[in-house]
Amino acid sequence: MSDTAWENLVKKQLKTEDIYSVLTKENLEGIEVKPFYDSVSDPLVNLPRIEESTHLVARYHESLEEDVFAFLLDHNVENLEQKAIFVNDVDLAGHISPKEEDQYFSLIDVFDEKKAEIDDQLVKELRAKQFRRNICIDISLHQNAGASICQQLAIALAKTKELTELYGPEILEKLIFRIAVGGNYFFEMAKLRAFKIIFNQFSKEYDLDEIPYIFAETSLRNKAVSDHENNLIRSTLELASAMIGGADAVFSNNYLVDESTDISEEISFKQQIVLAYESIINVFEDASNGSYYVEDVTRQMAEKSWALFVEMEEAGGYLELLKQGVIQKKIYDHAVEEQKWVEEGKIKLIGVNLYPKSNVKKSVEELYSEKEIKAVRWAEMFE
């Protein structure tokens, strides 16, 4: 079908001559989204990942030992041979002495956001461990605090630069990035892909050709306390987005906000099992490659994130900007604007501001602070 024939068909279906005002969608990322795509100017190469197939990570429970091959641990468990272990507790990391054949990964962020410094002692202790990936850069907090996608990626790269300057470029191959994936399905795919591009570009500054190890988890930001079923649907889509986007490991946070049961933990993991074993999307290296829409958005995000990273470096780097309160203010500004979109219904949250619509109970000023990066759920405004 030619472009003209397509446009005429859509005009007829929408009963308007001005289809572009109807089909053009606003977004807070500053990404240009076209009503339709018929090509991409400069196709991207296949964007690889490190793991051959995505690790499906469950929070440890004794009943899952036989069926699960990757666990998130926040307490010590003996005899977990031949499992991939993602350590989520600093004290536990200190007591673990893995063997060379063990697959241990640290999810402990070595940055102290409140003090605006790197925990050098922690870095040294973790580097001494025989973990496959022992230094974590956590930007899940920034997503849950309301940072834009481009801010998240620029911050991840800026934190990488801080570590590289202190410990040398050899640290790049030991990094693991903890990233929260939100509900904007295709944008979140593009986010992970864009990060691979800019991280690889950064590594080339040191004559390396590195790929980032991405641990993706479901977001807290779009979940509601009294809306369990919708939370479950949202997190399933987020997991699918992360797998298609090329994450090396995925983890589903409990869909019950602020509580947990054995059943909810089991269901949270089964979300991943259904996607992996029935949809088989965890085995593809770059499943969205070739989609004109995702390719275009990926390139725009990579360019914007890299430009923001350069701007941050020229202003003194991540830690310096954190000390000055600049990072906190930029995230605050975006988070507040995003929350207003939720309040106005531009961002739709089913069961909260749509079907049915709840009343606002907390103001933006009560939810956010210019001086602190803290996780805030959109639904808190209505709860």
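The values are calculated or read from the model by the stated rules, or taken from the named source; none is laboratory data. Please read these numbers as outputs of a predicted model, since none were measured by experiment. Note: ideal-geometry Cβ built from the backbone for every residue, glycine included; neighbour counts use all protein chains shown. Surface accessibility is based on the protein's heavy atoms, side chains included, excluding ligands, DNA and RNA. Shrake-Rupley method; radii C 1.70, N 1.55, O 1.52, S 1.80 Å.
Numbers below:
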read-out	value
Two-site FRET efficiency, Val274 against Gln324, from Cβ-Cβ distance with R₀ of 51 Å, rounded to 0.05	0.65
Solvent-accessible surface ranking, highest first, for Trp6, Trp378 at 1.4 angstrom	Trp6, Trp378
Selected from Ser63, Ser363, Ser148 as most flexible by GNM, with the chain as the system and alpha-carbon contacts under 10 Å	Ser63
GNM result for the chain, Cα springs below 10 Å: residue of Glu17, Glu338, Glu372 fluctuating most strongly	Glu17
Positive minus negative residues near Glu337 (Lys, Arg vs Asp, Glu; Cβ under 15 Å)	-3
Within the chain, helix-based [θ] at 222 nm, where runs of 4 or more DSSP H residues each add -39,500 (n - 2.57), nearest 500	-13000 deg cm²/dmol
Förster radius 41 Å - calculated FRET efficiency between Glu101 and Ala307 (Cβ-Cβ, nearest 0.05)	0.45
Heavy-atom accessible area ranking, 1.4 Å probe, most first, across Glu259, Glu52, Glu165, Glu113	Glu52, Glu165, Glu259, Glu113
Convex hull projection area averaged over all views, the chain, Cα basis, nm²	20.5 nm²
Residue among Val40, Ala70, Ile50 farthest towards the positive dipole end of the stretch 32-86, charges placed on Cβ	Val40
Percent carbon-and-sulfur accessible area, the stretch 60-124, ignoring ligands, DNA and RNA, probe 1.4 Å	41 percent
Potential lengthening between Gln201 and Ser41 on full extension [0.36 nm per residue; Cα-Cα distance subtracted]	55.6 nm
Rounded accessible area of Asp42 (nearest 10 Å², 1.4 Å probe)	80 Å²
Rounded to the nearest 10 Å², the accessible area of Asp333 at probe 1.4 Å	70 Å²
Accessible area expressed per residue, the chain, with surrounding protein chains retained (probe 1.4 Å, Å²)	47 Å²
Over 18 Å (Cα to Cα) - which of Lys25/Lys223; Lys159/Lys196; Lys34/Lys357 fall in this group	Lys25/Lys223; Lys34/Lys357
Whole-percent carbon and sulfur share, accessible surface of the stretch 151-208, 1.4 Å	47 percent
Qualifying chymotrypsin sites (Phe, Trp or Tyr not before Pro) in the stretch 172-265, DSSP loop, other Cβ atoms within 10 Å at most 14	Tyr206
Heavy-atom accessible area ranking, 1.4 Å probe, most first, across Lys270, Lys129, Lys323	Lys323, Lys270, Lys129
Net length gained if the chain between Phe69 and Asn27 were fully extended (0.36 nm per residue, minus Cα distance)	11.3 nm
Amide hydrogen neighbours beyond the local backbone of Tyr213, cut-off 5 Å, H modeled	Phe177
Alpha carbon centroid spacing (whole Å) that separates the stretch 250-265 from the stretch 35-76	18 Å
R0 of 25 Å, Cβ-Cβ distance Glu62-Asp258: FRET efficiency to nearest 0.05	0.55
Per-selection metrics, the stretch 248-383 (Cα): Rg and Dmax in Å	19.3, 50
Extension gain from Ala315 to Glu365, taking 0.36 nm per residue of separation minus the Cα-Cα distance	15.2 nm
Label-to-label distance, nm, for residues given as Gln130 and Glu170 (7 Å Cα→Cβ offset)	1.8 nm
Test item: Cα-centred dipole of the chain, Lys/Arg +1 and Asp/Glu -1 on Cβ, debye	1020 debye
20 Å tail of the calculated P(r), the stretch 146-223, as % of Cα pairs	31 percent
Phe284-Ile350 pseudo-label distance in nm [points 7 Å out on the Cα-to-Cβ vector]	2.3 nm
Diffusion constant of the stretch 84-213 at 37 °C, which comes from Stokes-Einstein with the Kirkwood Cα-pair radius and 0.692 mPa s, µm²/s	215 µm²/s
The stretch 261-383: relative contact order in percent, alpha carbon pairs under 8 Å with at least 6 residues between	16 percent
